[in-house]
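Okay, so here's the structure we're looking at.
The values are calculated or read from the model by the stated rules, or taken from the named source; none is laboratory data. Nothing here was measured: the structure is a model prediction, and the numbers come from that model. Positions of Cβ are generated from backbone atoms using ideal geometry, with glycine treated the same way; all protein chains shown enter the neighbour counts. Surface accessibility is based on the protein's heavy atoms, side chains included, excluding ligands, DNA and RNA. Shrake-Rupley method; radii C 1.70, N 1.55, O 1.52, S 1.80 Å.
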Amino acid sequence: MIREHKGFVPLSLPEFDTLTRLLSKILSTGHPPVIIPGEAILGIEAMAAGISAPGRIFLNVVTGPYGSLFGKWLERGGATVVEVKVLFDEVVPAEEIAAAVERFNPVALSFVQAEVVTGGSNPAKEILKIARGFNLITVMDSVSAVGGEALLVDEWGVDLVAVGAQKALAGPNGVSAVSISPRGWEFIESNEYAPRNSILSLLDLKPSPDGTTLVRVPPNIPTLEARALIAALTAVEEEGLEQVIQRHESAAASAVAGIKALGLEPWQKNSKHYSTLTTTVRISGEQNLRIDQPVGIVAPGDGELFGHLLRINHFGANACRQSVEEAVTTLAQLLNQDADDALKAIRLVWGASHD
């Protein structure tokens with residue numbers, strides 16, 4: 001008997017519509033996002049390419065390496081970039097941003113919502129309120145934040161925001177999205193330097209306002225990754241976005257309790273701005289914590305932060321008590337300490353957040 005070989009099944013329009021709907025829902029926006037045919041860094045660079053132009057002044061908030069990179073991409077497009085920058089164990093106070101806006105009179109404000117590399121999370125809602133007061137175009141990198149903390153695109157007035165699924169959403173990294181408001185599209189369309197016929201062109205991927213007039217799926221969308229993203233977003237919908245965010249908050253709070261019970265301190269100085277995705281641990285003089293390779297979800301610092309901090313990557317499927325306990329046990333072993341008190345601290349905090 002010869003079996004029929006079905007072979008590859010292309011992504012259907014109903015599947016693409018489902019993906020668009022699920023992304024819009026998780027972003028709390030009524031505008032269909034651009035589906036980016038690659039990892040989220042492509043969407044971030046495409047945002048920079050689409051909005052940057054000579055004569056445009058951008059205020060770029062830098063609280064980690066991704067903020068620095070975005071500023072370089074804006075400068076590459078000919079824009080004037082003014083940085084508001086702090087040490088990477090802090091986030092920028094909202095009032096400092098307001099003062100910089102008044103001083104430099106930019107047309108747009110850009111920042112990273114949550115920096116998993118540093119374990120810090122910028123006060124997005126406060127920053128965006130300031131930007132609205134000055135009628136600025138707002139640009140956000142929320143690749144890590146989405147699913148781990150609130151992201152209300154329409155309510156907060158976000159004009160351009162890039163998101164990915166590989167962190168809090170526990171999805172694939174091969175397809176991502178950029179949400180763009182009508183005002184954001186006008187800002188791109190008014191830029192004569194915005195790319196066309198390019199992998200960096202958002203204009204080439206612009207959906208219809210209601211997202212319903214496609215006659216075929218864009219040919220560059222990676223089919224298997226798109227289906228994996230639909231599955232991940234469906235799982236988030238079934239669990240409930242609020243519950244997913246709460247799970248990340250619980251993981252962060254219990255991880256902080258665990259490391260403190262070991263006598264360690266978070267890398268971030270202000271507890272109000274701890275990321276829910278990662279807990280970063282200050283190494284200080286603890287030579288035993290200077291690891292070169294990840295151990296489970298405990299990883300060394302990236303780039304210039306190597307040797308200064310460790311990351312506990314409690315996001316996605318690892319936003320759970322078991323993963324936090326395993327990570328803190330790893331730290332205890334590196335320090336040649338007993339983990340019992342730290343594990344008790346974790347369970348106490350986790351239990352309190354789930355009563």
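For a straight C-alpha distance cut-off of 21 angstrom, the lysines reachable from K85 (same-chain residues fewer than eight places away being disregarded) are K72, K125, K129, K269, K272.
In this label model, K25 and D338 are separated by 4.9 nm, measuring between points 7 Å along each Cα→Cβ vector.
Phi angles of the stretch 250-267 translate, via the Karplus equation with coefficients 6.51, -1.76, 1.60 and θ = phi - 60°, into HN-Hα couplings of 5, 4, 5, 4, 6, 5, 4, 4, x, 5, 5, 5, 8, x, 9, 10, x, 5 Hz per residue; Gly and Pro are given as x.
For the chain, carbon and sulfur atoms together expose 52% of the accessible surface, with a 1.4 angstrom probe and every protein chain in place. Among the GluC sites (Glu not before Pro) in the stretch 189-252, those placed in a DSSP loop whose Cβ has at most 14 other Cβ atoms within 10 Å are E192.
Using only the heavy atoms of the protein chains and a 1.4 Å probe, how would K167, K260 rank by accessible area, largest first?
On the way: K167 40, K260 105 Å².
Largest accessible area first, the list is K260, K167.
Straight-distance candidates among the aspartates and glutamates for linking to K344, with alpha-carbon spacing under 14 Å and chain neighbours fewer than 8 residues away dropped: E325, E326.
Give the accessible surface of the stretch 21-82 per residue, rounded to a whole number of Å², with probe radius 1.4 Å and ligands, DNA and RNA excluded.
Details: 1910 Å² over 62 residues.
The answer is 31 Å² per residue.
Name the most mobile residue of S24, S271, S181, meaning the one with the largest mean-square fluctuation, in a Gaussian network model of the chain with Cα contacts below 10 Å. Residue with maximal mean-square fluctuation among S24, S271, S181: S271.
Would you please classify the overall shape of the stretch 88-189 from the alpha carbon gyration tensor, given that a ≥ b ≥ c denote the square roots of the eigenvalues, rounded means a/c under 1.5, and beyond that prolate means a/b larger than b/c while oblate covers the rest?
Working: a/c = 2.23, a/b = 1.28, b/c = 1.74.
Oblate is the answer for the stretch 88-189, as a/c is 1.5 or above yet b/c matches or exceeds a/b.
Ranked from largest to smallest solvent-accessible area, with a 1.4 Å probe on the protein heavy atoms, R132, R103 come out as R103, R132.
The accessible area of R196, taken with all protein chains in place and a 1.4 Å probe, comes to roughly 140 Å².
Work through the residues other than A114 whose Cβ is under 11 Å from its Cβ and net out their charges, Lys, Arg +1 and Asp, Glu -1. Don't jump to the answer; show the numbers that get you there.
Working: positive: K167; negative: E115, D141, E149.
Neighbour charge sum, excluding A114 itself: -2.
Using a probe of 1.4 Å, the accessible surface attributed to S144 totals some 10 Å² when neighbouring protein chains are kept in position. With protein chains left intact and a 1.4 Å probe, residues in the stretch 104-256 average 40 Å² of accessible area per residue.
Our coupling estimate for the stretch 193-200, obtained by passing each phi through the Karplus curve with A = 6.51, B = -1.76, C = 1.60 and θ = phi - 60°, is 8, 4, x, 10, 6, 8, 5, 9 Hz, Gly and Pro reported as x.
Specify which labelled value, from (i) -0.52, -0.98, -1.22; (ii) -0.36, -0.85, -1.20; (iii) -0.41, -0.88, -1.13, agrees with log10 I(q)/I(0) by the Debye sum over Cα atoms at q = 0.08, 0.12, 0.14 Å⁻¹ derived from the coordinates of the model shown. Of the listed options (i) -0.52, -0.98, -1.22; (ii) -0.36, -0.85, -1.20; (iii) -0.41, -0.88, -1.13, (iii) comes from this structure.
With the simple spin-label model, which puts each label point 7 Å out from Cα in the Cβ direction, the D154 to D17 separation comes to 1.9 nm. If you run the Gaussian network model on the chain, springs between alpha carbon atoms under 10 Å, then out of G120, G133, G64 the most flexible one is G133. With the cut-off at 1.5 for a/c, could you classify the stretch 116-258 from its C-alpha gyration tensor as rounded, prolate or oblate? Oblate, because a/c is 1.5 or more while a/b does not exceed b/c. Only helical runs count toward this figure. For the chain, summing -39,500 (n - 2.57) over DSSP H runs of n ≥ 4 and dividing by all residues gives -12000 deg cm²/dmol at 222 nm.
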